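Values quoted throughout were computed directly from the atomic coordinates according to the rules given, and no laboratory measurement underlies them. Computed from a predicted model, the values in this text were never measured in an experiment. Glycine also receives a Cβ, built like all others from the backbone with ideal geometry; neighbour counts cover every protein chain displayed.
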Amino acid sequence: MIRVPPAVRRLGYAALGAVAPGIAGRRATDAFSTTRALGLHPDDVVPLGARRFAVDGDEHVRGGYLWGEDEDGPVALLVHGWGMDSSSMHALVGPLRDLGYRVAAFDAPGHGVSEGSQATMTQFTRATGAVLDTLGDVRVVVAHSLGSIAATGAVAERPGLPVDCMVLIAPTCTLTGVLERWSRSELRLRRPVVEGIYRELRRRNGVPVSHWDVTGLGGGLDLPVLAVHDPGDDVVPFSEAEAVAAGLREVRLEAAPGGPGHFGILMAPAVRETVGAFIVEHAGTETEAAR
């Protein structure tokens, strides 16, 4: 895949936006919706220790992976971020298994082994909901980055599920914030082109961009939430986690020590310890906290 330098892309969008902002908006929407920045599809290999499970009700999801399939007990669901896949969450599998949970993960539409190279937040959220419906006994949901919006929306749409708590790692609070930062830093798009992206995303998603907001979607959730974020995160600013903490009912905001960054936070030992302690406190197990 040929990589076009950012400066060349910016010039192209500037020229097209000057004469045809509508077309430029649609093309920029394609770029914003891309899930494979390098155009790569991972090998379709079952992770070590896991088994596949079929996902009902969503043709855009190839299926998922479950660790501890032959065991009884509650499930912890891992939801990856945009442009990543289930493998990005693997560092959390061992700690959650040690706590006594079966652990599930999946590749969202257009991600990982799923088909395609683009997706919408509507597809991501529906896919997360389909996995929740398939698994049933999900007590804990752990999501990263933009996966936080999909996970919150899917859980909120299913008040009958037995979810005891959620963990949002380096959460993005709003898709609006993501789009505004991306349009400024990535392509330096002119405002008419950005407005075209908003219109096109509304058409593709069926809802306005402002709909995708953790606090708006999850404002009615009555369950404990941990938001853990690196204050020095240069991909998603810490202010996004602060907005989550300010907008949900019962949130604990923790600053990740050591500056692990947006992606390294998933592998940081201190973060795993914080997540594990929160889950045991609010959802139980580790043999019910040794009774």
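Would you calculate the convex hull of the Cα atoms in region 28-84 and tell me its volume per residue in Å³?
About 122 Å³ per residue, rounded to a whole number.
If the only charges are +1 at each Lys and Arg Cβ and -1 at each Asp and Glu Cβ, what is the size of the charge dipole of the chain around the Cα centre, to the nearest 20 debye?
Here the size comes out at about 1560 debye.
Taking Rh as the Kirkwood radius computed over C-alpha pairs, what is the Stokes-Einstein D of the chain at 25 °C in a medium of viscosity 0.890 mPa s, expressed in µm² per second?
126 µm²/s
Tally the DSSP beta bridges in region 45-141 and give the antiparallel ones as a percent, rounded to 5.
The answer is about 55 percent antiparallel.
Tell me the volume per residue, in Å³, of the convex hull enclosing the alpha carbons of region 57-143.
83 Å³
Where the Cα atoms of region 130-216 are projected onto their three principal axes, how long is each span, largest first, in whole Å?
47, 26, 19
Can you give the log10 of the normalised intensity I(q)/I(0) at q = 0.28 Å⁻¹, computed with Debye over equal Cα scatterers of region 165-238?
Evaluating at q = 0.28 Å⁻¹ gives log10 I(q)/I(0) of -1.25.
Looking only at the chain, where both bridge partners belong to it, what percent of the DSSP beta bridges are antiparallel (to the nearest 5)?
If I count the DSSP bridges inside the chain, around 30 percent turn out antiparallel.
Angle check, please: helix 6-19 long axis (alpha carbons) against the longest principal axis of the chain (alpha carbons), in degrees 0 to 90, nearest 10.
Roughly 60 degrees, rounded to the nearest 10.
Where the Cα atoms of region 203-245 are projected onto their three principal axes, how long is each span, largest first, in whole Å?
35, 29, 11
If you scale each eigenvalue of the Cα gyration tensor by 5 and take the root, what three semi-axes come out for region 76-203, rounded to whole angstrom and sorted largest first?
Computed over region 76-203, the values are 29, 15, 13 Å.
Only Cα pairs under 8 Å and at least 6 apart count here; give the relative contact order of region 145-208 as a rounded whole percent.
30 percent
With a ≥ b ≥ c the root eigenvalues of the C-alpha gyration tensor of region 54-107, is it rounded (a/c under 1.5), prolate (a/b larger than b/c) or oblate?
oblate
Taking the dipole about the Cα centre of region 159-291, with the C-beta of Lys and Arg at +1 and of Asp and Glu at -1, give me whichever of Ile197, Val228, Ala170 is farthest to the positive side.
Looking along the dipole axis, the top candidate is Ile197.
Counting only DSSP beta bridges with both residues in region 142-269, what percent are antiparallel, rounded to the nearest 5?
Around 10 percent antiparallel, to the nearest 5.
Can you give me the pair-distance distribution of region 181-291, C-alpha pairs, 5 Å bins, whole percents?
Spelled out bin by bin, region 181-291 gives 2, 10, 14, 15, 18, 16, 12, 7, 3, 2, 1, 0, 0 percent.
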